[in-house]
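Below: the structure, in structure tokens.
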Amino acid sequence: MFKFSKTLFVLALASSTSAFAVDHFQGIGRQATPAEVKAWDIDVRPDFKGLPKGSGSVDRGQDVFEEKCASCHGSFGESNEVFTPLAGGTSPDDIKTGRVRGLSSGELPQRTTFTKVATISTVFDYIQRAMPWTSPKSLAPDDVFAILAYLLNLQEIVPGDFVLSDKNIADVQKLLPNRNGMTTDHGMWAGASAAKGGIGNGGKPDTNNKACMKNCKSEVQIGSTLPEYARTAHGELQDQYRSFGPVRGTKTLGAEAAKKAADAGTLDLATKSGCMACHGLKSKIVGPGFNEVQLRYKDQTDAEDRLVAKVKSGGQGSWGSMPMPPNGHLKDEDLKTLVKWILTGAK
Amino acid sequence: MLDITKQPGHLKPAPENFLSENQIEQVGSGRRDFLRNAFVAAGAAMVTPLAARAASEGDPNILQNPAWTTSLGMPVATNPYGVPSKYENQLLRRESPGLARVGGASVSFCPLQGLFGIITPSGLHFERHHQGWHDIDPSKHRLMVNGSDDSLLKKPKVYTLDDLMRLPSASRIHFIECGANTGLEWGNVAVPTVQYTHGMLSCSEFTGVPLKVLLEDCGVNYKKARYVLAEGADGSSMTRTIPMEMVESGEVIVAYGQNGEMLRPENGYPLRLVVPGVQGVSWVKWLRRIEVGDQPYATKDEAVHYIDLLPSGLHRQYSSIQEAKSVITSPSGGQTLLDKGFYNVTGLAWSGRGKIKQVDVSFDGGINWQTARLEGPIQNKALTRFNINWVWDGGPAILQSRAMDETGYVQPKYGQLRAVRGTKSIYHNNAIQSWKVSGNGEISNVQVL
């Protein structure tokens, strides 16, 4: 038996050595076709490997940006409403030095994309792969070049008549305001060090705490405590813990504060849903004030259902000739929250 | 500290009015029909004596068998995919208000304050999406492996889940921490509980194929290909550069399994990259493509975000390793201690550079330290649970934990970290966390320099 196994093993080894070298995992996976690789390999590197051919003007970029990007980023890439701003925060001097001065001087209220990015390829790559927000990968290369040209112009890196293309993008790289703003001199890269052809200092940490055990200092210096507003900003903490076990969540919101927080949340919802453009809490704007609505419906038992239906489908005549537009975009639960809030005295 | 009558099971002798309204309600809603009927019949005036009599005999939860002891329970497979008890509705993934404006590019934090051991239940694993999540049809999901040019990889290949799940697999327990974990606290204390200070942290057993196996199957040229680009299949098609040294070590896994089941959709179903010790953003979810290259890629999430702003105005780029860190999860901020006396102080420690070697705990704000018990087995780049006994004397205290990893690196104090990196970095805040206990048992988040 032993002899037999041994023979079999030797045979198996002999027959497999060549097979292993060529095709280790037979039958697993298949070769990708050139068209498949082309379809997915869309990354653009700092040396512009992967950059598609194409071009786009600042003017055209402004149009595309207005149509596809401005609703989130603002017409001038300045908006902080949905995402952090794209543009702003750099000076002509930064374009000369390649270092954004505001990053160290403390003058910068908020970092924008162009105060940070050191590689123009990054911005091209990202717009191409991920923008616009709700329909990523829908932009043709010429659109991406145009949008990028517009952003560069907003940043005063290129003039208004500029046409960005795969031919001149390397020249634009040399003008990026924070092109010299990155360092890799740290110990947090998980691969080979720069000295060995990789990145960073080879894992050397930048702090050197000691595991002192006794009388490590003479006093405890508290640098910061939780501000009162932050104590309640995360809702009722008591509800974020089990009601059994070694501790309880601290009760952070009283009943009144909870109502206040709920009111503030609903007002926020009403604002976001566009209600406050036409209705005041206590005054008529285009439509009636919510106080008037509450008053009119106060004795009607089916008020909530009726009002939900009216807000949803819109209407005209109850409060004058100005029509109320339908609000089909609102979720049913939000609609109910809003109507309840109005009927119980919106604040 | 809490009113003792709010602690179930405690018997407190008192001549009158010793039951809280809440407890009377509990008695009333239980199976003590005679008592409840007596309440109804006798009215408020009679409540105290009856309740007092009941409590003097002992705990009604013992004296009277509850419904679950005196009736038939549910049959098997009532829940074919089991769910937690209906009483477990407090520990949930939660967002921090104001952190992000759109849910598709937000974070939900893991409720570390009430979890045990080191494994995060998959349904409570923290979330960070860059452009929303999808539930991808695994039969239509593909993984492509290619080279940035032909000299780096002989044969670009496409793998299906069928292919990948036929290959030799590895299962390993690793932590994943977002680079921005504790980022809200770089400048000052900003959030109340450990869920929000440290909850971009989870730990799972991941199962999959070492990436090295796939690269070698495609004929990678290790001499030239020193970087790997990982790309997701979501709208953001998020990309990150991974060092080939890590892939060659066998640590990097193309994972489909998490805690014995398939990955959850929010965590990358059906395929994600596992890059142990490295910040979460590199663990690309819904992984669809691996490219090998000869230089780093400066993708959006390593050239605009996940870069560390220093006081000099320079940003550190390609910072990836999550350095040693620890936090006491209970007692911790936003909690109230029940009473004076004994507590098991418990927490988590981890290091992106290997195993945890030691965790020390201080109760006096860092003047004196004691070494905590580490629960084994201690694993490489995994959460490690620590515990230490404590008797609270009712006085003020400041609780801290300090991790040391196998390289000898010791978790820094806030003052030490800020001296090098300033206060505006957002990323990689691994400073020692402090929880202040007040005389009333309330615990709050403070920073000790």
Residue within segment A:68-75 that is more than 21 Å from B:SER236 (Cα to Cα), loosely packed, with under 15 Cβ neighbours inside 10 Å and touching a helix residue (DSSP H, G or I) at 6+ places or on another chain (Cβ under 7 Å) present: yes
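Quick grid of which residues meet (1) facing chain A (nearest Cβ under 8 Å); (2) touching a residue at least 12 places away in the same chain (Cβ under 8 Å); (3) in contact with a Lys or Arg (Cβ under 8 Å, 6 or more places away or on another chain):
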{"position": "B:MET200", "(1), (2), (3)": "no, yes, yes"}
{"position": "B:CYS203", "(1), (2), (3)": "no, yes, no"}
{"position": "B:ASN221", "(1), (2), (3)": "no, yes, yes"}
{"position": "B:ALA230", "(1), (2), (3)": "no, yes, yes"}
{"position": "B:ARG240", "(1), (2), (3)": "no, yes, no"}
{"position": "B:MET244", "(1), (2), (3)": "yes, yes, yes"}
{"position": "B:GLY250", "(1), (2), (3)": "no, yes, yes"}
Screening B:THR384, B:THR407, B:THR336 for residues that are facing chain A (nearest Cβ under 10 Å), of a type in the set (Ser, Thr, Tyr) and under 23 Å from the mean Cα position of the chain (by Cα) leaves only B:THR336
Output for Cβ contacts, cut-off 6 Å, separation at least six or different chains, first residue facing another protein chain (nearest Cβ under 7 Å) and part of a helix (DSSP H, G or I) in segment A:224-251, second surrounded by 15 or more Cβ atoms within 10 Å (Cβ to Cβ) and of a type in the set (S, T, N, Q), reads A:ARG231/A:THR252; A:LEU237/A:THR250; A:LEU237/A:THR252; A:ASP239/B:GLN90; A:GLN240/B:GLN90
Tally the residues that are surrounded by fewer than 20 Cβ atoms within 10 Å (Cβ to Cβ), at the interface with chain A (Cβ under 7 Å from one of its Cβ atoms) and closer than 22 Å to B:THR193 by Cβ, restricting the search to segment B:417-445. 1
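Here is a yes/no grid of residues against (1) crowded, with 24+ Cβ neighbours inside 10 Å; (2) touching an Asp or Glu at 6+ places or on another chain (Cβ under 8 Å); (3) not aliphatic (A, V, I, L, M):
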residue	(1), (2), (3)
B:LYS340	no, yes, yes
B:ALA349	yes, no, no
B:ARG353	no, yes, yes
B:GLU406	no, no, yes
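Being free of Cβ contacts under 8 Å to residues at least 60 places away in the same chain, under 26 Å from B:ARG101 (Cβ atoms) and polar (S, T, N, Q) is the filter here; which residues of segment A:262-292 pass it?
Matches in segment A:262-292: A:THR271 only.
In a strand (DSSP E or B) and either in the same structural domain as B:GLY232 (by TED's automatic domain parsing) or surrounded by fewer than 24 Cβ atoms within 10 Å (Cβ to Cβ) (or both): is that true of B:TYR306 in this structure?
no
Would you confirm, using the coordinates I've provided, whether B:LYS140 is closer than 30 Å to A:PHE48 by Cβ and either under 10 Å from the mean Cα position of the chain (by Cα) or at pLDDT 95 or above (or both)?
In short, no.
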I'm trying to understand the selection: among the residues of segment A:83-105, which are free of Cβ contacts under 8 Å to residues at least 24 places away in the same chain, over 20 Å from A:THR183 (Cβ atoms) and assigned to a loop (DSSP other than H, G, I, E, B)? A:PHE83
Exactly one of A:GLY29, A:GLY50, A:GLY106 is more than 27 Å from A:LEU139 (Cβ to Cβ), at pLDDT 95 or above and within 14 Å of chain B (Cβ to nearest Cβ), and that residue is A:GLY29
For segment B:119-142, pairs from a residue that is closer than 19 Å to B:ASN181 by Cβ to a residue that is among the small types (Gly, Ala, Ser) and part of a helix (DSSP H, G or I), with Cβ under 7 Å and 6 or more apart or across chains, are B:ARG128/B:GLY280; B:HIS129/B:GLY104; B:HIS129/B:ALA105; B:HIS130/B:ALA105
Any chance you could count how many residues in segment B:277-300 are of a type in the set (D, E, K, R) and under 22 Å from the mean Cα position of the chain (by Cα)? 1
In segment A:297-336, how many are among the polar types (S, T, N, Q) and either outside any loop (DSSP other than H, G, I, E, B) or surrounded by 13 or more Cβ atoms within 10 Å (Cβ to Cβ) (or both)? 4
Taking the stated definitions as given, is A:GLY50 out of contact with any Pro (no Cβ under 7 Å at 6 or more places or on another chain), surrounded by fewer than 20 Cβ atoms within 10 Å (Cβ to Cβ), under 23 Å from B:TYR306 (Cβ atoms) and outside the structural domain of A:GLN155 (by TED's automatic domain parsing)? yes
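The values are calculated or read from the model by the stated rules, or taken from the named source; none is laboratory data. Quick caveat: nothing in here was measured; it's all calculated off a predicted structure. In this analysis, Cβ positions are derived from the backbone assuming ideal geometry, glycine residues included, and neighbour counts consider all displayed protein chains.
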